[in-house]
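A short reminder: the numbers here are calculations on the coordinates, not readings from a lab. Just so it is clear, the structure is predicted and the values come from calculations on it, not from any experiment. All Cβ positions, glycine included, derive from the backbone under ideal geometry; neighbour counts span all protein chains shown.
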Amino acid sequence: AQSVTQLDSHVSVSEGTPVLLRCNYSSSYSPSLFWYVQHPNKGLQLLLKYTSAATLVKGINGFEAEFKKSETSFHLTKPSAHMSDAAEYFCVVSESGYNKLIFGAGTRLAVHP
Amino acid sequence: NAGVTQTPKFQVLKTGQSMTLQCAQDMNHNSMYWYRQDPGMGLRLIYYSASEGTTDKGEVPNGYNVSRLNKREFSLRLESAAPSQTSVYFCASSELWTGAKETQYFGPGTRLLVL
């Protein structure tokens, strides 16, 4: 069975410093992996997705993630945090061949001035 | 394009009452989904509709029913609400059901409180 573990429930950074949100997954097949962001009282927005092409995936708003099969990881990074990045981030895996998403528990990112 | 819209935005029910959550998408997508989001947990799939005329259970279907009214609309019904159904409900859509590369687009959510 597929599963997703987000290693940090809360991450706090200062504005202008790097962001690292960690995600490990378990999958029997070649997975598709996604990062979604949810701003307060809003729906979910796709940041980026990995679908077996390049292992380094670039997304919106300066975020990127690297698929590491040997480590079963898909960590999300950004070189410099902005106040507007404060939100909850979900790492998501999709069952092979089907659009059934398995969500991690989420990481709440706080950005301080 | 409005994308995925949901009504109502917020609802308070008493235990045992019924209600229907509405969802519509204007992207001509074939597949639609209902999720619930609880504190400290990611979204969990309640029901999905791979295409117009079909519906299937997801991870947590108990206490819910769905109707795929047409290609645009997918409703979620609580026949007899329970406090355990207090949650935020999200509707989503995607162009196809098959193909793990498909992106799901989410609505803004409905906050439901069952007293």
(request) Let me have the relative contact order for region B:37-111, percent, based on Cα pairs under 8 Å that are six or more residues apart. (result) 22
(request) May I ask for the Kirkwood hydrodynamic radius of chain B, worked out over all distinct Cα pairs and given in angstroms to one decimal? (result) 14.0
(request) Determine, for each peptide in B:30-36, A:18-24, B:55-61, the mean count of other beta carbons within 10 angstrom over its residues, then list the peptides with the highest first. (result) B:30-36, A:18-24, B:55-61
(request) Over 25 Å between C-alpha atoms is what I'm after, so list which of A:K49/A:K69; A:K69/B:K57; A:K58/B:K57; A:K69/A:K100 land there. (result) A:K69/B:K57; A:K58/B:K57
(message) Kirkwood Rh over alpha-carbon pairs of chain A, then Stokes-Einstein at 37 °C and 0.692 mPa s: what D in µm² s⁻¹, rounded to an integer?
(response) 234
(message) Can you list residues from other chains, or at least 5 along the same chain, whose modelled amide H is less than 5 Å from the amide H of A:G106?
(response) A:Q6, A:C91
(request) Let me know the mean shielding of A:37-45 by other chains, meaning the per-residue number of their Cβ atoms within 10 Å of its Cβ. (result) 4
(request) Collect residues whose amide H, placed 1.01 Å from N in the peptide plane, falls under 5 Å from the amide H of A:Y50; neighbours closer than 5 in sequence don't count. (result) A:L33, A:F34
(request) Can you tell me the equivalent ellipsoid semi-axes for the protein assembly as shown? Use √(5λ) from the Cα gyration tensor, largest first, whole Å. (result) 29, 21, 16
(request) Neighbouring Cβ atoms within 10 Å as the yardstick, rank B:R77, B:R72 fewest first. (result) B:R77, B:R72
